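All remarks here apply to the structure that follows.
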């Protein structure tokens with residue numbers, strides 16, 4: 001059963017709005033159009049993104065810039081080895097009531113109580129503290145003691161991770177990786193972009209971005225994105241694609257059985273469809289195509305398809321597996 005058709009006027013309004021958002025972001029961020037698009041797609045899918053890249057590629061700057069442009073509250077958490085779960089979620093403290101003199105527990109919210117949370121270098125803190133974000137990311141709430149505290153909406157976590165430093169880092173567990181809609185690889189800038197970065201950062205250049213969105217508008221378009229139409233055969237294509245990575249099932253392709261230790265779960269299917277909807281809507285369409293699914297397959301699957309030791313020894317990464325499966329699994333209308 002499909003949702004109501006999106007009016008062309010709505011798609012046009014959104015296209016103009018996203019154009020303004022990107023222009024404001026690029027007052028600060030040079031190039032990196034793909035990175036900006038994927039991050040915004042996560043936001044309009046009411047989901048989370050993990051930015052993976054070496055130091056100095058403006059991952060933190062991107063997140064802080066986006067928070068200014070979309071006009072929501074933001075908090076930055078610098079993850080360190082000594083960070084405690086309560087440093088993220090908040091804690092209860094004992095206070096004395098000025099009128100009665102009785103002591104009572106009062107909850108003091110942590111930095112996770114914001115619309116956008118930047119989890120900077122999330123792999124620098126132990127698993128116990130990493131897990132403090134799990135409930136917040138999935139349930140949009142925090143449990144402290146016997147009480148639950150809802151987080152402000154919209155809510156999304158944009159985490160950064162450094163892939164090259166090993167000392168003092170802790171790999172994110174698969175259960176937490178699965179909560180991130182996209183793993184976005186932040187690559188080095190193009191030559192012309194890097195030249196422009198030098199011009200801006202070694203002079204007194206200043207061009208502050210202006211807010212062009214607000215929380216209510218984001219919530220509105222998060223609902224609209226979910227109304228983008230999907231044909232039944234595309235649902236089936238997504239399921240076939242994800243099932244082909246599951247080496248413990250008869251649906252796995254021989255290539256996956258050779259190189260994959262663990263395949264993607266149901267969240268991969270959900271995020272492929274949601275990502276394709278956002279990709280289509282960002283391009284002015286109210287229905288998805290195979291190309292939309294393929295466009296988001298790498299960021300959705302690269303952290304959910306875990307390669308085995310044989311693949312690591314041969315230099316085969318999850319992206320290679322995903323690319324092979326996209327070619328091997330025929331899309332609707334293809335043979």
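Coordinate-derived values only; no laboratory data. All values reported here derive from a predicted model rather than from experimental measurement. Cβ placement follows ideal geometry from the backbone for every residue including glycine, while neighbour counts extend to all protein chains displayed.
For the chain, the longest principal axis of the Cα atoms and the long axis of helix 191-201 meet at an angle of about 10 degrees.
Computing FRET efficiency as 1/(1 + (r/R0)^6) for residue 128 and residue 262, where r is the C-beta to C-beta distance and R0 is 30 Å, gives about 0.85. Of the residues 47, 271, 207, the one that moves most in a GNM of the chain with alpha-carbon contacts below 10 Å is 207. Taking 175, 297, 280 as the candidate residues, the one with maximal mean-square fluctuation in a Gaussian network model of the chain, Cα springs under 10 Å, is 175.
Stretched out straight at 0.36 nm per residue, the stretch from residue 324 to residue 199 would grow longer than its current Cα-Cα span by 40.9 nm. For the chain, the antiparallel share of DSSP beta bridges with both residues in that region comes to about 40%. Highest mean packing comes first when the peptides 309-316, 121-128 are listed by Cβ atoms within 10 Å, giving 121-128, 309-316. Label-to-label distance for residue 17 and residue 177 is 3.4 nm, based on points extended 7 Å past Cα in the beta-carbon direction. Take each peptide in 136-147, 191-202, count the other Cβ atoms within 10 Å of every residue, and average; sorted highest first, the result is 136-147, 191-202.
Based only on other Cβ atoms within 10 Å, what is the fewest-to-most ordering of 294, 231?
On the way: 294 18, 231 14.
Listed from fewest to most nearby Cβ atoms, that is 231, 294.
Where both bridge residues fall in the range 104-255, DSSP classifies roughly 50% of the beta bridges as antiparallel. GNM remark for the chain: springs join alpha carbons under 10 Å apart, and the peak mean-square fluctuation among 34, 101, 71 falls on 101. The range 256-300 and the range 47-65 have Cα centres separated by 21 Å.
Mind running the shape call on the range 165-229? Use the C-alpha gyration tensor, a ≥ b ≥ c as the square roots of the eigenvalues: rounded below 1.5 for a/c, prolate if a/b tops b/c, oblate otherwise. Oblate, because a/c is 1.5 or more while a/b does not exceed b/c.
Figure legend: label point modelled 7 angstrom from the Cα of residue 147 along Cα→Cβ; residues of the range 108-122 with amide N under 18 Å from it are 108-114.
Kindly identify the chain as rounded, prolate or oblate by the Cα gyration tensor criterion: order the square roots of the eigenvalues as a ≥ b ≥ c, call it rounded if a/c is under 1.5, otherwise compare a/b with b/c, prolate if a/b is larger, else oblate. It comes out rounded by the Cα gyration axes. Extension gain for residue 103-residue 239 works out to 43.4 nm (0.36 nm per residue, less the C-alpha to C-alpha distance). Listing 107, 180 from fewest to most neighbouring C-beta atoms within 10 Å gives 107, 180.
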